[in-house]
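Undergrad: Pasting in a structure now, in C-alpha cells, and then I'll have a few things to ask.
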Amino acid sequence: MEAGDAGNGSAAAAQIKGSGDDASCKPLPPCCVKAKAGVPEAEAKCHDTVVSGWFTEPQSRFGKTSKVQYYNNPMWPGEAHSLKVEKILYQGKSPYQEILVFESSTYGNVLVLDGIVQLTDKDECAYQEMVTHLPLCSIPSPKNVLVVGGGDGGVLREIARHDSVETIDICEIDQLVIDVCKEFFPNLSMGFKDPRVRLHVGDAVDFLRDSPEGKYDAIIVDSSDPIGPAQALVEKPFIQTIARALKAGGVLCNLAESMWLHTHLIQDMLSICRQTFKGGVHYAWTSVPTYPSGVIGFLLCAKEGPPVNFLTPVNPIEKIQGATKAGKELRFYNSEIHRAAFVLPTFVRRELESYTTCSTSTEKEKPKESVSKSQKIKILLNNAILTAS
Ligand code: SPD
C-alpha cells in the first residue's frame, strides 16, 4: 500500500466496491466529511503494533525474535481497537514493560504499555477524575492518600484539588513510565509538582507491607490490567494488605475492568472485597472510548468504621475551595456523574447482585430469594409437567 493510501475511508470504500455495492459513489454525510477533514493521510509505520499507519492493540512483535506476542488476548479475545498514528514519539523497554508513546490523529498523545492503551490526552479525564474523586468525595475530609501505580501523574493532579489532603504517597514500580510521561504528558505529570507528593519507586506489595497500620484515609489503585505484573493487585492477600493500611472508615478505589467483557473477574473481585471490607463495596463505571469496550469500572470499598455512603458525595468537589477554579477546571467529573456512576445496567445488576459476602474467593453466596440448581431443575420439571397437563 502506498503512503497516503492508508487514509481514512479508503479501506471501507474498497470493501464496499468489493461487495459489488454502488454505495461508494454516494456522497459522505456531513458528519463523516467533518471527521475525515481532521484526519491526516500520511502513514506512520515505525513500530510493530502500527500497521499501515494504524496502531492496533492486540499484538506486538517487540524483541529480537520478531515473534508476534499477543499481550491481551486473554482479556478481550476477538476484538481490537485501532487508532490512526500521526507520529511515533517514543518507544523503549524498562525492566517491567514495553513503553510506546505516539501522537494520534484524533486522541492526542497516547501511552501504550505492553501493547495496551493506558491513556490518551483526549479521554484521560474520564478515567483520572473518576478514579480519584469517586473515593475522595465520598469521605468528609481526606488527609493521607496513597496511589498505587499512577506513574503518569494524572491521579496526583486530581488528588491535589482536595485542600484537606496533607500527604500524597505514590508507589510506582517503573521509573521509566514516570520519566516518559514527564516528557510527553505534561498535563498529567504536573501532578508530581504538588509539594504534598512523596514518590516511592518500588513494588507496592512491599511498600504496603511496610506501611503503618491504619495510616491512610484513601488508597487509589491506578494500575494496568490485572494480567502479568498487576495481577497480584486484584488478589486477596494484596486486598487484605490494603485494608490493613487504611483507617477505620477509610476507602479503596480499585480498577475493576469492563462490565461488557469481565463480569467473572468483577464477581471474583467483589467476593474478595466483600469478605475484607465490611463498610460496603460498590461497583461504579465510566466511559473511556479508548479502553476495550469503551468503558471501565471501579470497586469502591470502605473499611468498617464511620459509615461511608459512596452513592452520594458528602465532600462535593464543587464546594472544595479552589478545586475547579480557572485553569483547573474538571472536564468529566461532577456530583451528578458521581451518583450516576453507581447506576448499573440491568444485566450487570443481575450478574453482580448475587455476589454477596462469602467465605472463599470462588464461592458465592446466593441471595435469599435465589434458587439452587437442583431447585431450578425441579421448577423446570414442574413447568414441563404443567405445560404438558
Ligand atoms: N485497559 C487499560 C486499563 C488501564 C488502566 N490504567 C490506566 C492508567 C492511567 N493513569
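Undergrad: Counting just the residues of the range 216-230 that are acidic (D, E) and within 11 Å of the ligand (Cβ to nearest atom), which one comes out surrounded by the fewest Cβ atoms within 10 Å (Cβ to Cβ)? Give the steps one after another, and end with the answer.
TA: Step one: list which residues in the range 216-230 are acidic (D, E), which gives 217, 222, 225.
Remaining after also requiring within 11 Å of the ligand (Cβ to nearest atom): 222, 225.
On the way: D222: 23, D225: 26.
Result: D222.
Undergrad: A follow-up question, please. Considering the range 148-178 alone, what residues qualify as being of a type in the set (V, I, T) and in contact with a Cys (Cβ under 7 Å, 6 or more places away or on another chain)? Don't jump to the end; show me each part of the working.
TA: Let us first name the residues in the range 148-178 that are of a type in the set (V, I, T), namely 148, 155, 159, 165, 167-168, 170, 173, 177-178.
Across the range 148-178, the qualifying residue is only V148.
Undergrad: Okay, moving on. Hey, any hits in the range 89-103 for a residue that's surrounded by fewer than 17 Cβ atoms within 10 Å (Cβ to Cβ) and either within 11 Å of the ligand (Cβ to nearest atom) or assigned by TED's automatic domain parsing to the domain that holds L252 (or both)?
TA: Scanning the range 89-103 turns up no residue that is surrounded by fewer than 17 Cβ atoms within 10 Å (Cβ to Cβ) and either within 11 Å of the ligand (Cβ to nearest atom) or assigned by TED's automatic domain parsing to the domain that holds L252 (or both).
Undergrad: Take the residues of the range 114-147 that are more than 20 Å from K193 (Cβ to Cβ) and among the hydroxyl-bearing types (S, T, Y): which is farthest from the ligand (Cβ to nearest atom)?
TA: For the range 114-147, the residue satisfying everything is S141.
Undergrad: Which of the residues spanning the range 237-262 are farther than 22 Å from V308 by Cα, surrounded by fewer than 20 Cβ atoms within 10 Å (Cβ to Cβ) and touching a residue at least 60 places away in the same chain (Cβ under 8 Å)?
TA: Answer for the range 237-262, where residues must be farther than 22 Å from V308 by Cα, surrounded by fewer than 20 Cβ atoms within 10 Å (Cβ to Cβ) and touching a residue at least 60 places away in the same chain (Cβ under 8 Å): just L261.
Undergrad: Looking for whichever is crowded, with 21+ Cβ neighbours inside 10 Å, in the same structural domain as S224 (by TED's automatic domain parsing) and either within 21 Å of Q128 (Cβ to Cβ) or over 18 Å from the mean Cα position of the chain (by Cα) (or both) here; the options are P345, P289, P313. Which one fits? Spell out the reasoning first.
TA: Values: P345 fails: crowded, with 21+ Cβ neighbours inside 10 Å; P289 fails: crowded, with 21+ Cβ neighbours inside 10 Å.
That would be P313, the only listed residue that is crowded, with 21+ Cβ neighbours inside 10 Å, in the same structural domain as S224 (by TED's automatic domain parsing) and either within 21 Å of Q128 (Cβ to Cβ) or over 18 Å from the mean Cα position of the chain (by Cα) (or both).
Undergrad: Of everything in the range 115-131, what is out of contact with any Asp or Glu (no Cβ under 6 Å at 6 or more places or on another chain), crowded, with 24+ Cβ neighbours inside 10 Å and among the polar types (S, T, N, Q)? Give them in sequence order.
TA: Across the range 115-131, the qualifying residue is only Q118.
Undergrad: Only one of G150, G154 is farther than 19 Å from Y216 by Cβ and within 12 Å of the ligand (Cβ to nearest atom). Can you tell me which? Show your work before the answer.
TA: On the way: G150 fails: farther than 19 Å from Y216 by Cβ.
Every option except G154 fails the conditions.
Undergrad: Checking E213 against (1) surrounded by fewer than 16 Cβ atoms within 10 Å (Cβ to Cβ); (2) within 18 Å of Q118 (Cα to Cα); (3) in contact with a helix residue (DSSP H, G or I) (Cβ under 7 Å, 6 or more places away or on another chain), which test does it fail?
TA: Just one mismatch for E213, condition (2).
Undergrad: Would you check if there is a residue in the range 287-308 being outside any loop (DSSP other than H, G, I, E, B), of a type in the set (K, R) and within 20 Å of V148 (Cβ to Cβ)?
TA: First, pick out the residues of the range 287-308 that are outside any loop (DSSP other than H, G, I, E, B): 287, 292-302.
Narrowing the set further to residues that are of a type in the set (K, R) leaves none.
No, the conditions are met nowhere in the range 287-308.
Undergrad: If you don't mind, there's one more thing I want to ask. In the list L156, L134, L111, L188, which residue meets the criterion of being touching a residue at least 24 places away in the same chain (Cβ under 8 Å), crowded, with 24+ Cβ neighbours inside 10 Å and within 21 Å of A302 (Cβ to Cβ)? Break it down stepwise before answering.
TA: Details: L156 fails: within 21 Å of A302 (Cβ to Cβ); L111 fails: within 21 Å of A302 (Cβ to Cβ); L188 fails: within 21 Å of A302 (Cβ to Cβ).
Answer to the check: L134.
Undergrad: Filter the range 124-155 down to the residues that are more than 21 Å from E318 (Cβ to Cβ) and under 16 Å from the mean Cα position of the chain (by Cα) and list them by number.
TA: So the first thing to find is which residues in the range 124-155 are more than 21 Å from E318 (Cβ to Cβ), and the list is 124, 144, 146-153.
Matches in the range 124-155: E124, V147, V148, G149, G150, G151, D152, G153.
Undergrad: Then there is this: Filter the range 236-268 down to the residues that are assigned to a helix (DSSP H, G or I) and charged (D, E, K, R) and list them by number.
TA: Within the range 236-268, the subset assigned to a helix (DSSP H, G or I) is 236-245, 263-268.
Within the range 236-268, K236, R244, D268 qualify.
Undergrad: Related question: L233 - would you say it is in a strand (DSSP E or B) and either within 12 Å of the ligand (Cβ to nearest atom) or crowded, with 16+ Cβ neighbours inside 10 Å (or both)?
TA: no
The values are calculated or read from the model by the stated rules, or taken from the named source; none is laboratory data. Here the structure is a predicted model, which means the values were calculated and not measured. Virtual Cβ from ideal backbone geometry, glycine too; neighbours counted across all protein chains shown.
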